[in-house]
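The values are calculated or read from the model by the stated rules, or taken from the named source; none is laboratory data. Everything numeric here is computed off the predicted structure, so don't read it as measured data. FYI the Cβ positions are ideal-geometry reconstructions off the backbone, even for glycines, and counts take in every protein chain you see. For accessibility, only protein heavy atoms count, side chains too; no ligands or nucleic acids. Shrake-Rupley method; radii C 1.70, N 1.55, O 1.52, S 1.80 Å.
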Amino acid sequence: MTTPSIAGNATHRYQLLIDGMTCSACSTRLERMLSAASGVAAAAVNLATERATIDVDDGTSLDSVVQVVRRAGFDARKETRAYRISGAANEAAAGVIREALEGTPGVVTATIDGDLALIEVERYALAVSDESLEERAREAGGVLSSSDAEPAEDRRDLGQYLAISAAILLSAPFVVQMAAHQVLTTGWAMPPLVEALLATPLQFVIGARFYRGALNALRGGGANMEVLVVTGTTAAYFFSWYQYATLGDAASGQLYFEASAIIITLVLVGKQLEARARRGAAQAIRELLALRPRTALVEGEDGTVREKPLREVRVGDRLVCRTGMQIAADGIVTSGVAEVDESLITGESMPVSRSMGDPVIAGSLNIDGLLTIEARATGADSTLARMIRLVEDAQAAKPTVQRLADRVCGIFVPVVVAIASIAFLGWLAAGAGIEVAVINAVSVLVIACPCALGLATPTAIMTGSGAATRAGILIKDVEALEQAHGLTHMVLDKTGTLTSGTPRLGAIRLLADDLDENTVLAIMASLQQGSEHPIAEAFRVAAEERRLSLQPVKEFSSRVALGVEGVVGGTRYFAGNRRLFDTLAFAAPDPIDSDDEGGVWLGARHKDGDVWLARFAVDDEMRSGASEAVDALKRLGIAPFLASGDTTAATRRIAAATGIDEFRARVRPEDKVALIDELMEGGRKVGMVGDGINDAPALARATVGMAMGSGTDVAMETAAITLMRPDPRLVAAAIDISRRTWRKIRQNLFWAFIYNVIGLPLAALGHLSPSLAALAMALSSVSVVGNSLILRGWRPQMEEIHHDNS
């Protein structure tokens, strides 16, 4: 991906999966080193997703970025995938293709089998896409296609499970021994040499990863959780050897091999549980990725249908989608009828019917029927691809509170080491002896956990934004999530937000005695045949419903913001608002009331004078759930405000129907911006919901802008939150999930801080054994991630979103 940098130079964005990060001290150190590296324009590292996003200047290679990652003590994760290859007629041609692939940034090696039919590519995970590899192979004269085999299975999980199983088996006798001491008070203990034989492989074989991590951290100029674990367990392990060397077999029952063994086992188990929980928090992204179809059925000009890779589908192609298939591209249905499941994209739980002229979204599932679709957006331009990018960006960003936690984590380990040193010296000074001093210092080192602080915010953001995405609420950036929970006012556009935006003909008021409704409607619909305005369509639809015959219109012309004129059946007619007729010097009809200022007027100009024919009321149907949406906002303590460019009468009608007390009518785009500024006086936070181009300036000015998914691309690009289906109740739901997410962040940070504030003094004062300290440390991270995972069960309660500002 290529983007412009601030300085104007082109930059390339790479993403890497990072191995070896165990706490936020790790991610903070790596982000600092990447940001300071030559040729790197920007870098962001997310501990929860184990992902680094790096923008590099032209001329800076990905290999140099990987070297920085390694100098920081980590590594970029690799993956291997096999591809079928054609076009390699001989070894020389195959060599050209292999060299082209190996020259692709992100590819480590490429190996072609002896039959020249399969190529295995080792690459950095996330750094290079299948499409890029296929393009490079095509440039070299070959055709690359995915094999049936999925990427080589990462064996890290299997190795981790084996290590945990071995650790549990080796530490089980220590658990029995500890129980005998503390619960049964029998005094039974294993022989010292047996303890040493059990503890040694745990400490230096299974626990070797902690030593490597600690050494890499220190080499990178920082300290992390592994430094604390290694320092504490090594002290306990070698102190036990000291006891055995000085006391011999009499040291039985006075050794602390069990502490080092149980600490390592509990930390391993805790990290595994934490990793599984983090994967659960990232479930939303995986669900979206799973929706991406790989191929499409494309209908040729001769009517034949053949399967093509999705990358070869172009805008304008005719796609065939059969029952049970995923829709391959955003498009418009040109023929057929089907029930389509859009739940994972729009959050709409029920299938929707799609027929000729209806839009469809890539990744949706055709449940029942056959559709022919004209592709309008494919690949990276599709709604699904944009959703994936936006959700990834939102989850990778850091809110203000997370940056504060990262700064705390940056000094956390040195502070803990200082506390442990003070505890050690303090117990020695108090005459407690070296044994008590060492064990209490070990407890301090082991109970301290920067991981909980580092995971408190990103896991809540990942889970909350993922739950919102599943409900059809697309949160584009973390700032929107950070601000939405504090909104006090919400400005709602009328047309397209609270109403459907599709005009419908209402009451007809006849102003000429010799005409009936059908006659004036036929004239109006005939006149509007030359107009593309939505209101013109309302007249044509109404005439069609009444089965009225239309006459051709001649000398048609449109007057911007006023109306239209033309000749129908030899008579010149005018149709539009009152301002049109004011310019034509028409006399006002009599009688008139205030409500008559709106609507669409029809008049005729004859040789003997002007004649008023009729006034048409044009209604904009209120969306289902509009009143409930306003009620939900009120229950959340948010004051709704209606703003519309429509007439005062039409705006007042919708305000009254939905229960909105304050409204403004006939507002222009700049007036909406001024209204936002006015409401924001005094530090109030104001949201804006709209769907049109005219709403874009106000959406940008508001604290948080929300765009209806049925609206224009400009509105959706400008707004920080997009509601993927036109349901106004999602406005309150977006604020609700924002508040719940922010509440989880505060809860997580509170417990992470309070855990350390309480645990460290207890350990320093000798009230916690090293084993209990290790258990508490392991549970702290798991509990923080588990608390965030509660958000996965969130669903928009459309009718019961309660007031909650906590």
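Where in segment 402-502 are there helices (runs of 4 or more DSSP H), lying wholly inside it, with at least 3 residues that are open to solvent by less than 10 Å² (accessible area, probe 1.4 Å) and modelled with pLDDT under 80? So that I can check it myself, show each step before the final result.
Values: elements: 434-447, 450-470, 478-484.
Result: 450-470.
When segment 222-263 is limited to residues that are among the polar types (S, T, N, Q) and farther than 19 Å from Met190 by Cα, the one that is most open to solvent (accessible area, probe 1.4 Å) turns out to be Thr231. Listed by first and then second residue, the pairs with beta-carbon distance under 7 Å, at least 6 apart or on different chains, first residue in segment 2-20 and more than 23 Å from Ala125 (Cα to Cα) and assigned to a loop (DSSP other than H, G, I, E, B), second among the polar types (S, T, N, Q) and modelled with pLDDT of 60 or more, are Ser5/Thr11.
So is Glu342 out of contact with any Leu (no Cβ under 6 Å at 6 or more places or on another chain) and at pLDDT below 90 or not?
Numbers: out of contact with any Leu (no Cβ under 6 Å at 6 or more places or on another chain): yes; at pLDDT below 90: yes.
Here the answer is yes, as Glu342 does meet what is asked.
Selection within segment 659-672: residues that are crowded, with 20+ Cβ neighbours inside 10 Å and closer than 26 Å to Asn577 by Cα. The member of this set that is modelled with the highest pLDDT is Phe663. If you filter segment 550-564 down to residues that are within 21 Å of Pro503 (Cα to Cα) and either in a strand (DSSP E or B) or open to solvent by less than 100 Å² (accessible area, probe 1.4 Å) (or both), you find that the one that is modelled with the lowest pLDDT is Ala561.
Close Cβ contacts (under 6 Å, 6 or more residues apart or on different chains) running from residues in segment 674-689 that are more than 14 Å from Gly705 (Cα to Cα) and touching a residue at least 24 places away in the same chain (Cβ under 8 Å) to residues that are in a loop (DSSP other than H, G, I, E, B) and open to solvent by 20 Å² or more (accessible area, probe 1.4 Å) comprise Arg684/Thr488. The residues in segment 94-104 that are open to solvent by 60 Å² or more (accessible area, probe 1.4 Å) and not basic (Lys, Arg) can be counted, and the count is 3.
Those helices (runs of 4 or more DSSP H) of segment 190-247 in which 2 or more residues are modelled with pLDDT under 85 occupy 208-219, 225-247.
Here is a yes/no grid of residues against (1) of a type in the set (A, V, I, L, M, F, W, C); (2) open to solvent by 10 Å² or more (accessible area, probe 1.4 Å); (3) over 13 Å from Lys494 (Cβ atoms); (4) touching a helix residue (DSSP H, G or I) at 6+ places or on another chain (Cβ under 6 Å):
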position: Asp608; (1), (2), (3), (4): no, yes, yes, no
position: Phe616; (1), (2), (3), (4): yes, no, yes, no
position: Asp619; (1), (2), (3), (4): no, yes, no, no
position: Ala632; (1), (2), (3), (4): yes, no, yes, yes
position: Ile638; (1), (2), (3), (4): yes, no, yes, no
position: Ser644; (1), (2), (3), (4): no, no, no, yes
position: Ala650; (1), (2), (3), (4): yes, yes, no, no
position: Ala655; (1), (2), (3), (4): yes, no, no, no
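Yes or no, residue by residue, for (1) within 30 Å of Ala657 (Cα to Cα); (2) within 44 Å of the chain's Cα centre (by Cα):
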site: Gln483; (1), (2): yes, yes
site: His489; (1), (2): yes, yes
site: Ala525; (1), (2): yes, no
site: Val564; (1), (2): no, no
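Counting only residues that are surrounded by 15 or more Cβ atoms within 10 Å (Cβ to Cβ) and either modelled with pLDDT under 80 or out of contact with any Lys or Arg (no Cβ under 9 Å at 6 or more places or on another chain) (or both), how many does segment 794-806 have? Going through segment 794-806 one residue at a time, the tally reaches 2.
Could you grab me the full set of residues in segment 352-368 that are of a type in the set (Gly, Ala, Ser) and surrounded by fewer than 13 Cβ atoms within 10 Å (Cβ to Cβ)? Break it down into steps so the answer makes sense when it comes.
In the first step, residues of segment 352-368 are kept if they are of a type in the set (Gly, Ala, Ser); the result is 353, 355, 357, 362-364.
Ser353, Ser355, Gly357 - these are the residues of segment 352-368 that are of a type in the set (Gly, Ala, Ser) and surrounded by fewer than 13 Cβ atoms within 10 Å (Cβ to Cβ).
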